[in-house]
Amino acid sequence: MASDRSLEREVKFDGVEHDALRQRLSEMEAERASAPTFEDNWILDRNNELLSGGCVLRLRVDSRGAFLTFKGPAHFEGRTKVRTEHETRVDDAEAMRALLEELGYRVVRRYQKMREEWHLGGVTIALDHTPIGDFAEFEGEGAETVARRCGFDLERSERRTYLRLYEDYLKLHPEAPPDMVFREE
């Protein structure tokens, strides 16, 4: 199990027209790193000790495997959200979840998305399709610069996490499922 510790630097936008952004990224000669892939994310907490401090413990399963991630409290540098992030690959997501539950952690929220990634210089651009709309995240040093080059107004960036966005969505749509998941037809 290899671990990675870094600073996450991210700018996020909502209501993004993915086709137009793909076209712009192609014009800028960005490299498409992955086709859209499904992600399933579980947020765990113990007596609200992490979320109340602005931290997140996430177990993610996607096409690359399973990953356990801890994100520290966020602060902003300009419009860029900055936070410490520790991530490690895990061999068995269900076993890791069971271990965390034995330690008193419980799944408090689940969210899903389809994510397509592009790279331009040292910036990763994620095109996220979620049950509540389409988003783009620019992550890395120079995230603000690349976002501006793609035509985004930094003053319109979204500061909320997907968790907070969905909590706000539920206030307006109480009939929605308790978790941000795609409805099965």
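A short reminder: the numbers here are calculations on the coordinates, not readings from a lab. Just so it is clear, the model here is predicted, and its values are computed rather than measured. Heads up, the Cβs are rebuilt from the backbone with ideal geometry, glycines too, and the neighbour counts pull from every protein chain shown.
With both labels modelled 7 Å from their Cα along Cα-to-Cβ, the residue 26 to residue 84 distance reads 4.3 nm. Computed over the chain, the per-residue total of -39500 (n - 2.57) for DSSP H runs of n ≥ 4 gives a 222 nm mean residue ellipticity of -6000 deg cm²/dmol, rounded to 500.
Lys and Arg at +1, Asp and Glu at -1: add these up for the other residues within a Cβ distance under 14 Å of residue 95 and post the number. Could the numbers behind the result be given before it?
Numbers: positive: 89, 97; negative: 91, 92, 94, 101, 102.
My count for the surroundings of residue 95 gives -3.
Report relative contact order for the stretch 1-143 in percent, whole number only (criteria: Cα-Cα under 8 Å, sequence separation at least 6).
Computed over the stretch 1-143, the figure is 35 percent.
Annotation: average projected area of the stretch 45-136 is 7.3 square nanometres, based on the convex hull of Cα atoms across all directions.
In terms of surrounding Cβ atoms within a 10 Å radius of their Cβ, 96, 114 rank from fewest to most as 114, 96.
For the chain, the orientation-averaged shadow of the C-alpha convex hull comes to 11.2 nm² (one quarter of the hull surface).
Just to check, using Stokes-Einstein with a Kirkwood Rh over alpha carbon pairs, what's the diffusion coefficient of the stretch 34-91 at 10 °C and 1.306 mPa s in µm²/s? Roughly 125 µm²/s, to the nearest whole number. Where the alpha-carbon atoms of the stretch 104-185 are placed on the principal axes, they occupy 39, 32, 28 Å, in descending order.
Counting charges near residue 65 (Lys, Arg +1; Asp, Glu -1) among other residues having Cβ under 11 Å from its Cβ returns a value of 0.
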